[in-house]
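Below is one structure; the comments refer to it alone.
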Amino acid sequence: MRIVEFLDDWYFSCVGHNEELVKIPHTHAHMPSNYLDELAYQFKSVYRKHLSLAPRFKGERFFLTFDGVANSAKVYANDELIFHHEGGYTPFEVEIPCGEVEIKVEVDGSELAHIPPFGGVIDYLTYAGMYREVYLKRVSPVYIEDIFVRASASKVLDVEVTLSSATSVDKIEVLVCHELQVIRAIAAEVFDKKVQVNTIIEQAHLWELEHPYLYTLEVRLKKGEDLVDIASTTFGFRDAQFRSDGFYLNDKLVKLVGLNRHQCYPGVGDAMPRLLQVRDAEILKQELGVNIVRTSHYPQSKHFLNRCDELGLLVFEEIPGWQHIGEGEAWRNLTLQNVRDMILRDRNHPSIVIWGVRINESPDCEELYAKTNALAHELDPTRQTGGVRNFAKSQLLEDVYTFNDFSNAPLLSPKKVCQDLKAPYLVSEHTGHMYPTKRYDDEAHRLEHAMRHAKIINRMMESKRISGAIGWCLFDYPTHGDFGSGDQMCYHGVLDFNRIPKLAASVYASQQDEIPVMEVGTSFDIGEHPGGLLGPIYVFTNCDYVNFYKNDVLIKVFHPKHSEFKALRHPPILIDDLIGEALEIGEGMSKWDANNVKKVLMASSVHGMDLPLRYKLRMAVAILRYGISIEEGINLYAKYVGNWGGTRTVYRFEGYKGGAMVKTKTFGNVRNPKLVAKVDYEVVPVYETYEVNRIVVQVLCENGNVLPYAFDNLEVSVLGPIELVGPVQSLVGGAAAIYVKTTGKGNADVIIKSSQFGTCEVEFTII
Ligand code: GAL
């Protein structure tokens, strides 16, 4: 029987540093949150471990599985080189001898030109080290090498079991289980290394986005009555297909709304254990309500993908690379190897619906891409392929034309981009570098960022050809000096690097119906805007309607109707009336005149004195009919809209859903700012490796709004079985995140202090 043991302690050394004991996942270098240096981790290192491997029975075999080592790993057993793996994103397995074995892994963290994604500039960092888990596997001489499950919406189950060899074993048993209950058991004779089993599970539930039913398939390998090996995998019954009129899951059209994800985190780079990988999937599905994620631009953590399966979040997974095809045969061979390793690792995930088998945004290359496509189809006949390009009329060797559309048009017509008018069509990136936005940029900038995402999603939703739009990107990410804002950061996320939301996140979040969302695109501080002009005011909400009050007087009930966003489930609400009936009541105007003047005043808050002609005409009418001078007009503006220098008006929004008030937002004077903290997980289960928990710290005013221009240092102390991951961040734009690493089990306490905004504390339990 197999035993799999997680190997977490390794001795780590590199030139200039003494050997130290480290825990896996491990990164070569701890990195600052910006102004980081990609050379800091590009060196050679050695990870060392001694194993005493006494076989439990004759012929027992030992393997080491490395889930991910960046970027090149030479594995030695007792000083003999036994394996060399190149590429940081796919797993590899090495057979090792038994007895006393000194395992040494020489890691090269450099950007080696013959290994994808290197050999040209790339817009992301790859970090370095043994950054994913390492396992020791003990198995009998014949063991289960692989299980490939194909399970369709017609409930047909095809299983292909690959054994290490076809000798000395009598049969296999295949058990289909749901939540620990066996629902089908099938026995099969073994004649060959590959054993096929087919059945129909009539009672199976489909894997759907709302109810992602998962099953477990357990394979038992038996010699007579003796159990020789057991292996298992999860899977789901579903059909996924991109057609010329969109994406179908189980024969139902699903418009795909998603975001691209990198796999890095502040401080530790890519070396983040299970929990926060899981958290990213939860943010995408449960907080932003998107239904697809693209693992740009490489295969990502198994923990992330497992959670996508559990949550019903579709995945577009792709091979490592960025814009260039490297020189030489080695590079191309490694690209084919990446296709193979990615698909063999991940083809049982129901969440994965398309393989990206072209180097992201690379030129056409029939010679290479005919091979990547053929290989993908051979290894997985069930899934379509895509190949992300950024130019029109590129050669289509894949099943789906996946296109990065940065036209901001808001999207180009597929007719103009893809020659094959019947080819399925997916927008794999948009927005990104077209509008970099920091969480603490000025309000108008944050609003424009949000509106661009909203316009593109709307355009995609109304198209009969575009299957979906996957925005660039989920969170801000560190990059090489050739990109970013000069601090080696690309501020392209709808979340910041700490996964703290920008306004654009609410465009996505407001399209779902599980959690009430209501974010307002302004704080009504006119001094924030050039010339004191507030500009258009939008509310991003999934509420049925919003009541808007000014100093407790109801101005208007706003419903989400917007001619520009007809295809959105919950269009942003334009607040185009800050006056209500005040002109009739306060100035004695007739309803007709009040309405006319109101339109002019509201237009002035967007255009200033430079009003479009239609408003100038309205103003002329007001002047003639009502005798309002320009000066009086300005006074009316100041009194009813601008409030320049007046007592601070209090603006309140109440959001209603199903008749109940579910959200409120109030904007007035900013008083009593205080520090509040929220921990991601109040209970942290530790399975194999250590875990990291995130604490988000924010400065809120007494109305509960984040103060986007609050900056201060933080002091953090921890109690219990945890330690801080790297130096503590400062508060930037009213927020920060603190990362703590478990060192044992029990209760943990984190106390956070800012000299300006006070102290707060969070607790959690590690089990
Ligand atoms: C795309 C590229 C992404 C990222 C993005 C920035 O061209 O595929 O990796 O660089 O631009 O908007």
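Coordinate-derived values only; no laboratory data. Quantities reported herein were computed from a predicted structural model and do not represent experimental measurements. Note: ideal-geometry Cβ built from the backbone for every residue, glycine included; neighbour counts use all protein chains shown.
Database remark: amide H of R132 closer than 5 angstrom to the amide H of H26, G68 (H placed geometrically; neighbours at sequence offset of 5 or more, or on other chains; Pro and chain starts carry no H).
The H on the amide N of A153, modeled in the peptide plane, is under 5 Å from the matching H of R238, D239, each at least 5 residues off or on a different chain.
Taking 11 Å as the cut-off, the amide N atoms of segment 576-611 that come nearer than this to a point 7 Å along the Cα-to-beta-carbon line of W644 belong to 609. Protection proxy ranking, highest mean first, for peptides 553-561, 594-602: 594-602, 553-561, where packing is the per-residue count of other beta-carbon atoms within 10 Å, averaged. Between the helical axis of 328-346 and the longest alpha-carbon principal axis of the chain there is an angle of about 90 degrees. Pairs from the table (K455/K566; K74/K137; K416/K566; K556/K591; K502/K598; K416/K561) lying more than 21 angstrom apart at Cα are K416/K566; K502/K598; K416/K561. Extension gain for N390-K193 works out to 66.6 nm (0.36 nm per residue, less the C-alpha to C-alpha distance). Structure shown: which of K49/K193; K255/K371; K438/K674 lie over 26 Å apart, alpha-carbon to alpha-carbon? As for pairs spanning more than 26 Å Cα to Cα, those are K49/K193; K255/K371. Backbone phi angles across segment 116-132, fed through the Karplus curve with coefficients 6.51, -1.76 and 1.60 (θ = phi - 60°), yield HN-Hα couplings of x, x, 7, x, x, 6, 9, 8, 5, 9, 9, 6, 6, x, 8, 9, 10 Hz in residue order; Gly and Pro are listed as x.
Take 37-47, 541-551 and order them by the average number of nearby Cβ atoms within 10 Å per residue, most first; the result is 541-551, 37-47.
Computed from the C-beta positions of F63 and D544 and an R0 of 45 Å, the FRET efficiency is 0.20 to the nearest 0.05. If the label point is 7 Å along Cα→Cβ of W592, which residues in segment 617-645 have backbone nitrogen under 20 Å from it? In segment 617-645, the label zone of W592 (backbone N under 20 Å from the point 7 Å along Cα→Cβ) covers 617-629.
Each 10 Å bin from zero up to the one holding the largest Cα-Cα distance in segment 385-544 carries the following percent of pairs: 10, 33, 33, 19, 4, 0. Label-to-label distance for E225 and A54 is 2.9 nm, based on points extended 7 Å past Cα in the beta-carbon direction.
When both segment 264-304 and segment 338-402 are represented by their alpha-carbon centers, they are found 21 Å apart. 3J(HN,Hα) along segment 692-700: 10, 10, 10, 10, 9, 10, 9, 9, 10 Hz, from the Karplus curve 6.51 cos²θ - 1.76 cosθ + 1.60 with θ = phi - 60°, whole Hz, x for Gly and Pro. For the chain, the relative contact order comes to 9 percent (Cα pairs under 8 Å, sequence separation of at least 6). Per-residue extension of 0.36 nm, minus the Cα-Cα distance of K678 and E367, leaves a gain of 106.8 nm for this segment.
The HN-Hα couplings worked out from phi for segment 354-364 by the Karplus form 6.51 cos²θ - 1.76 cosθ + 1.60 (θ = phi - 60°) are 7, 9, x, 10, 10, 5, 3, 6, 8, x, 4 Hz, whole numbers, x standing for Gly and Pro.
Stretching the chain fully between D552 and I751 yields a gain of 67.8 nm (0.36 nm per residue, less the alpha carbon separation). Working note: 222 nm ellipticity from helices only, DSSP H runs with n ≥ 4, each -39,500 (n - 2.57), summed and divided by the residues of the chain, gives -5000 deg cm²/dmol to the nearest 500.
What does a probe at S485 reach in segment 693-734, counting residues whose amide N is under 12 Å from the point 7 Å along Cα→Cβ? Flagged as within label range: 732-733. Once you reduce segment 532-609 and segment 639-709 to the center of their Cα atoms, the two points are 24 Å from each other. Using only the C-alpha atoms, the convex hull of the chain corresponds to 176 Å³ per residue. Label-to-label distance for D442 and C177 is 6.1 nm, based on points extended 7 Å past Cα in the beta-carbon direction. How many angstrom lie between the Cα centre of segment 448-462 and the Cα centre of segment 83-112? When both Cα centres are located, 45 Å separates them. A simple spin-label model places the labels of V686 and D9 1.3 nm from each other, with each point 7 Å out along Cα-to-Cβ. Treating r as the C-beta distance of R625 and H30 and R0 as 51 Å, the FRET efficiency rounds to 0.15. Note on D513/D251: beta-carbon distance plugged into 1/(1 + (r/R0)^6) with R0 of 25 Å gives a FRET efficiency of 0.60. Highest average first, the peptides 512-520, 263-271 ordered by how many other beta carbon atoms sit within 10 Å of their residues are 263-271, 512-520.
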